[in-house]
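Below is one structure, written out as structure tokens, with a few remarks after it.
The values are calculated or read from the model by the stated rules, or taken from the named source; none is laboratory data. These numbers were taken from a predicted model, which means no experiment stands behind them. Methodologically, a virtual Cβ is constructed for each residue, glycine included, from the backbone with ideal geometry; neighbour enumeration extends over all protein chains shown.
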């Protein structure tokens, strides 16, 4: 590793998966504004949307996200709006 390019101020940080409230502790240099108490110790808190405890690849459970339906709904509304403007 090159010297002088890696941070030296690692500290213990709590990462919280917001989809299932799973919390894990890891070393990080990330800056945070919030804290959380875990087992009587206060840690800086980083909120994440997905982790290995909620990701379908690791859990084997598939979450269906209806993005296609939302896009279709938007396109239908947009088309109606544009049709009304042409009149």
- prompt: Any idea which residue in segment 1-29 is nearest to the chain's Cα centre (by Cα), counting only those that are surrounded by 10 or more Cβ atoms within 10 Å (Cβ to Cβ) and farther than 25 Å from residue 59 by Cβ?
  reply: 29
query: Out of the residues in segment 40-54 that are touching a strand residue (DSSP E or B) at 6+ places or on another chain (Cβ under 9 Å) and either touching a residue at least 40 places away in the same chain (Cβ under 8 Å) or assigned to a loop (DSSP other than H, G, I, E, B) (or both), which is surrounded by the fewest Cβ atoms within 10 Å (Cβ to Cβ)?
result: 49
query: Taking the stated definitions as given, is residue 62 at pLDDT below 85 and loosely packed, with under 12 Cβ neighbours inside 10 Å?
result: yes
- prompt: Given (1) at pLDDT 85 or above; (2) not in a loop (DSSP other than H, G, I, E, B), where does residue 68 come up short, assuming only one miss?
  reply: (1)
